[in-house]
Amino acid sequence: MKAAVRARYGPPDVVSVSEVARPAVKDGELLVKVHATTVNRTDCALRAAKPFIWRFFAGLVRPKVTILGNEFAGEVAAVGAGVTSYEVGDKVFGYNDESFGAHAGYMTISQDGKLAIMPDGLSYEEAAPSTEGSHYALTIITTAKVRSGQDVLVYGATGAIGSALVQLLHNLGATVTAVCGPKDLELVKSLGASRAVDYTAGDFTKDAQRYDVVIDAVGKTSFGRCRRLLKPRGVFVAADLGPWSQNLFLPLVTPLFGGRRVRFPLPRNDPGMARHFKGLIESGAFKPVIDRRYPLDEILQAYRYVETGQKIGNVVISVDHSD
């Protein structure tokens, strides 16, 4: 089968598409014939091992995982002994941040992993980008304890996480202010933002409005900059560690002062996550935003584009099985 393989950490050029053996399915696992996957920030961080802390989990000198890709949509091609939840021919989608492997023609995943039957009416390319950014977004909302009626500002509202945040917050009943570039103001409004702010027109942190929650969805600002935007007991949450990894430590310190505070989202290993988003998609409450599509043979171009920091929503990779 074809796969995007890397044997060392580094820039996109460490990845090459080559023929490798199809993975063997074990007891309790599914063999999924991958039709679509994505390249996202998680893939880029693990490929480059940046920040360095990734190496303590993924291999200190050389990567343990040679085939990346965590989001997928495909067809169950085989099942291992003991599998009862799925059968050959099922169309499935999901998220695998344990063994990865979706940047390939076939991958394996436990039947108890983060996957579900694909939502009705979606193509593989539409289903694949439904779980990575969106599950981080849901974790952020849960961590911030957002409630209906609250005022929430989302900085970086057009990435995979940000575009999911705007939709999920709107569905929850929050009033959303989305900060983005000038060409995407109408897009974020269509996703559910009540107000859109062009960050190129001025310093968004000087906004006169105050918020219950401020979310940095792209890791490009800080609690220090955004503190004045918060109401007296407002919460700042970021999708990244922040400068000097401060977002790991500020949640321990800021509550001591009884006012504005920082919380840091830690995603849980929730097997029901994919089923949750299937329901939201089928109800019309959530639709992943797709920016560009590339064939697997052009995955290096996809990596390079994602690393420009300019992508809108998700970058999808299609896997051709015509051979």
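Counting just the residues of the range 247-263 that are within 19 Å of Gly162 (Cβ to Cβ) and at pLDDT 85 or above, which one comes out most open to solvent (accessible area, probe 1.4 Å)?
Only one residue tops the list, namely Arg263.
Is the range 166-186 home to any residue that is in contact (Cβ under 8 Å) with a residue 40 or more places away in the chain and in contact with a Gly (Cβ under 6 Å, 6 or more places away or on another chain)?
Looking through the range 166-186, at least one residue is in contact (Cβ under 8 Å) with a residue 40 or more places away in the chain and in contact with a Gly (Cβ under 6 Å, 6 or more places away or on another chain).
I need the full set of residues from the range 224-252 which are in contact (Cβ under 8 Å) with a residue 60 or more places away in the chain and hydrophobic (A, V, I, L, M, F, W, C), in order please.
Within the range 224-252, Cys226, Leu229, Val235, Val237, Ala239, Leu241 meet the criteria.
Quick check: anything in the range 11-23 of a type outside the set (A, V, I, L, M, F, W, C), part of a loop (DSSP other than H, G, I, E, B) and either modelled with pLDDT under 95 or open to solvent by less than 10 Å² (accessible area, probe 1.4 Å) (or both)?
Within the range 11-23 (the criterion being of a type outside the set (A, V, I, L, M, F, W, C), part of a loop (DSSP other than H, G, I, E, B) and either modelled with pLDDT under 95 or open to solvent by less than 10 Å² (accessible area, probe 1.4 Å) (or both)), the answer is no, since none of the residues qualifies.
How about the range 266-298: which of its residues are of a type in the set (A, V, I, L, M, F, W, C) and part of a helix (DSSP H, G or I)?
Of everything in the range 266-298, those that are of a type in the set (A, V, I, L, M, F, W, C) and part of a helix (DSSP H, G or I) turn out to be Met273, Ala274, Phe277, Leu280, Ile281, Leu296.
Filtering the range 187-213 down to residues that are of a type in the set (S, T, N, Q) and touching a helix residue (DSSP H, G or I) at 6+ places or on another chain (Cβ under 9 Å), which residue is least open to solvent (accessible area, probe 1.4 Å)?
Going through the qualifying residues, I end up with Thr205.
Anything in the range 138-156 that is open to solvent by 20 Å² or more (accessible area, probe 1.4 Å) and at positive phi? List them, or say none.
Lys145, Gly149
In this structure, does Gly89 turn out to be over 21 Å from the mean Cα position of the chain (by Cα) and of a type outside the set (Asp, Glu)?
In short, yes.
If I ask for residues that are open to solvent by 10 Å² or more (accessible area, probe 1.4 Å) and closer than 18 Å to Val146 by Cβ, which ones from the range 236-246 would you list?
Across the range 236-246, the qualifying residue is only Ala239.
With Leu252, Leu248 as the choices, which residue is under 21 Å from Ile141 (Cα atoms) and touching a Leu at 6+ places or on another chain (Cβ under 7 Å)?
Leu248
Would you mind listing the helices (runs of 4 or more DSSP H) fully within the range 94-200 where at least 2 residues are closer than 17 Å to Val34 by Cβ?
124-127
Output the residue which, of all residues in the range 214-235 that are part of a strand (DSSP E or B) and open to solvent by less than 50 Å² (accessible area, probe 1.4 Å), is nearest to Leu138 (Cα to Cα).
Checked the range 214-235; the qualifying residue nearest to Leu138 (Cα to Cα) is Ile215.
Here is a list: Asp291, Asp270. Which entry is under 16 Å from the mean Cα position of the chain (by Cα) and within 14 Å of Gly133 (Cα to Cα)?
Result of the check over Asp291, Asp270: Asp291.
For the range 82-99, what are the residues that are among the aromatic types (Phe, Trp, Tyr) and in contact with a Ser or Thr (Cβ under 9 Å, 6 or more places away or on another chain)?
Phe93, Tyr95, listed by residue number.
Looking at this structure, is Thr139 in contact (Cβ under 8 Å) with a residue 40 or more places away in the chain, touching a Cys at 6+ places or on another chain (Cβ under 6 Å) and within 23 Å of Gly69 (Cα to Cα)?
no
Tally the residues that are assigned to a loop (DSSP other than H, G, I, E, B) and of a type in the set (Ser, Thr, Tyr), restricting the search to the range 299-323.
2
What pairs come out if I take residues in the range 1-30 that are more than 14 Å from Ile299 (Cβ to Cβ) and touching a residue at least 24 places away in the same chain (Cβ under 8 Å) and pair them with residues that are part of a strand (DSSP E or B) and among the acidic types (Asp, Glu) whose C-beta lies under 8 Å away, six or more apart or interchain?
Met1/Glu19
The values are calculated or read from the model by the stated rules, or taken from the named source; none is laboratory data. As the structure is a computational prediction, the values presented were derived from the model and not from experiment. Note: ideal-geometry Cβ built from the backbone for every residue, glycine included; neighbour counts use all protein chains shown. Just the protein is used for accessible areas: all its heavy atoms, side chains included, with ligands, DNA and RNA removed. Shrake-Rupley method; radii C 1.70, N 1.55, O 1.52, S 1.80 Å.
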